[in-house]
Structures are given as C-alpha cells and as structure tokens.
Amino acid sequence: MTFTRRTLLGAAMLAAACAGSALPAFAAKPLTIGFSQVGAESEWRTANTASIKAAAKQSGINLKFADAQQQQQNQVKAIRSFIAQRVDVIAFSPVVETGWETVLREAKNAKIPVILTDRAVKVSDPSLYVSFIGSDFVEEGRRAGRWLQDYAKKNPNKQLNIVELQGTTGAAPANDRKKGFAEVIAGNPKMKIIRSQTADFTRTKGKEVMEAFLKSEGKNINVLYAHNDDMAIGAIQAIEEAGLKPGKDIVIVSIDGVRGAFEAMMQGKLNATVECNPLLGPTLMQTAQAVAAGKPVAQRITVTEGVFPAEVAAKEFPNRKY
Ligand code: AHR
C-alpha cells in the first residue's frame, strides 16, 4: 500500500486519539512544494520569485525551488526530480504552452497534484493539473489595444505604424497578449502592425530587436507595443541611441507595471503600462495547503489588475510593491 501525506496524517491522528495523547512528531511534518520557475528574465519574474519564496517561508512550507533558465527541458527535468523526491505538491510556471502531457501524466500517476502559476498549458486532459493561478493575458493585450485606441481618438489624423515586441515564442503571455491586442485594433485602418518579432521578454533582446526595426523602418515607426516592460525599457535605449525621443516620436505601451516602467513614465519615455500582478506567492501557498488537505480548489484563480497611463505614474509610484 502506498502512503500519501494524507493517509499518514490520518493514521497519526487516529493513533493519537486512541492513545489520548498529542499528535506524534511526524504529523507536524511541513508541506513540501517543488516549484519550477521560468527563469530570471525580467523585473516581473524577480518579483514573482521573491513573492513565492517569502510566502513559503511565512507559511512554514518547505520549498524546493528550481530555475529553468527559460528552457522547457529544464522544467521537465525538475518536475521529474520532484516526482522522484515525492514532494507533496508540484507547482510551476510553464515556459511554453504545449508539450506537457507526458510529464503531467507522470505526476498524476504518482498521485502528486500539480498547480500552475502565472502561465497556462494546453493539454487535452484538464485533470492533469488541479488549479491555475494567474492573470488573463488576452485581456491584458486588449487593455493595451484599448489604451492605443483612445490615443488614436485623440490624434484622428495620425496613421499609427506599430512595431510589436513579442514575448518568448510559444509562451502563453506572448500568444495571448498578441491575440488580445490584435482583436482590439482589427478593423481600424489608422492602426497597422508593420513589424512583429520576439525579444524573449528581456531588456537585452528588446534593445537588439528595436535596433533592427529602426534600421529597416526608420522614422516610419510611431508606436511600440511591447509584451512586457523589460523589452520596452531595452527598446527605449535603442530609440534614444537612434536620436529619437521615446514617448514622443514613438509612443510606447507595454505590460507588467513594474517599478522600472513607472520610472520610465515619470521621465516621459513610456506612455502607459498594463498591470500584470506577479505577487502570486500567498495564493499559491494557500491553494497548495488546501489541495494537500484534500479540500476542493477552483480550477481557475484570476488576479485583479489595472492600467496605468503616464499621467498617473508619479502619484502611483510610491504605492508600487514590485
Ligand atoms: O508570464 C508573465 C510574463 O513573463 C511577464 O509579463 C514577463 O515580464 C515575464 O517574463
């Protein structure tokens, strides 16, 4: 017979009740979560990791943390190692959306529940994970598109030639933010995406790809939509080095709402950021504890977020937690 954490706890409680004593020492064994993180590609990710580590500590949870350095094969390896170590719960933020069926089935066969945080997966069997905690990325893309629609309304004679910096190819936030934005601007002849390329959610690549865009399109570009703030910040550097004014010659909207974006907005170099909340640690720990205790949890837990235009940046900056 295989003993799960629950059956061990049950046996311990029963034994304690029979003996009329306090719970034996092993009943107080802390919950162990194996967490596979995407990497350390952005300011958002750093805040997300800090939130998860702090929440685990605060909840007395034993956290086994693995950094996948943006590689799916590293995440698969980490998940297999968590299964071999027989952790109580596996949690991960998937680098990309597809290719998870096999390893998730291995976790299910080993009776280890899996919680997704931040990014979703595409699987044919939704019972391969118990819950997904994270933002609505399609809606974030729509919010960026709506902000630009408002800008377009205020500048009715301007043709908007947009360049798009996409997130990591195949990642849920890259796919969804592209989709949401495209949906909103579709049918507006004044708004056109003239170039779109991945910059992997990093500042370095954001700068590199923007340099290439500027080289091929030059002053034709007057809008940048970046799938995260870090790529926008990298691109701002490229725009300045090209002798142009970010936030004026090229209007910029990006996603995340990190402090770096607020600083750029206060300097007049970024026009708006759409919030994506990385502080998922406390919800993850509560959900893991509920799952381990056999309590029902919601399959989808979303986060409330806003949009911050440059006009409110200075006022909001002191309230930012990441
Ligand atoms: O999955 C969330 C995204 O990943 C954030 O927008 C980005 O900054 C991060 O790298």
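Structure values in brief
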item	result
Highest to lowest packing among 81-89, 215-223, 134-142, scored as the average C-beta count within 10 Å	134-142, 81-89, 215-223
Rg/Rh (Cα only; Kirkwood hydrodynamic radius) as it applies to the range 76-192	1.16
Violating pairs (Cα-Cα greater than 27 angstrom) within the set Lys158/Lys245; Lys122/Lys207; Lys154/Lys179; Lys111/Lys321; Lys153/Lys207	Lys122/Lys207; Lys111/Lys321; Lys153/Lys207
Residues of type aspartates and glutamates that Lys295 reaches as a straight line, Cα spacing below 16 Å, ignoring anything fewer than 8 places off in the same chain	Asp88
Along each principal axis, Cα extent of the chain, largest first, Å	82, 40, 32
Principal-axis tilt of helix 203-217 within the chain, Cα atoms, nearest 10 degrees	30 degrees
Using alpha-carbon coordinates, inclination of helix 229-241 to the longest axis of the chain, degrees	30 degrees
Solvent-accessible area per residue, Å², over the chain with all protein chains present [probe radius 1.4 Å]	45 Å²
Ranked order, Ile115, Ile301 - accessible area, probe 1.4 Å, largest first	Ile301, Ile115
Accessible surface of the chain, 1.4 Å probe, proportion on carbon and sulfur as whole %	54 percent
Ordering of 277-287, 303-313, 182-192 by packing [mean C-beta count within 10 Å, highest first]	277-287, 303-313, 182-192
Peptides 34-40, 227-233 ordered by average Cβ neighbours within 10 Å, highest first	227-233, 34-40
Histogram of C-alpha separations across the range 137-276, 10 Å bin width, %	14, 50, 34, 2
The range 194-209-the range 261-319 distance, computed between alpha-carbon centres (Å)	23 Å
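The values are calculated or read from the model by the stated rules, or taken from the named source; none is laboratory data. Treat the numbers as computed from the prediction; the structure is a model and nothing was measured. Cβ: placed from backbone, ideal geometry, glycine included. Neighbour counts: every protein chain shown. Each accessible area value is taken on the protein alone, full model and side chains, heavy atoms only, with ligands, DNA and RNA left out. Shrake-Rupley method; radii C 1.70, N 1.55, O 1.52, S 1.80 Å.
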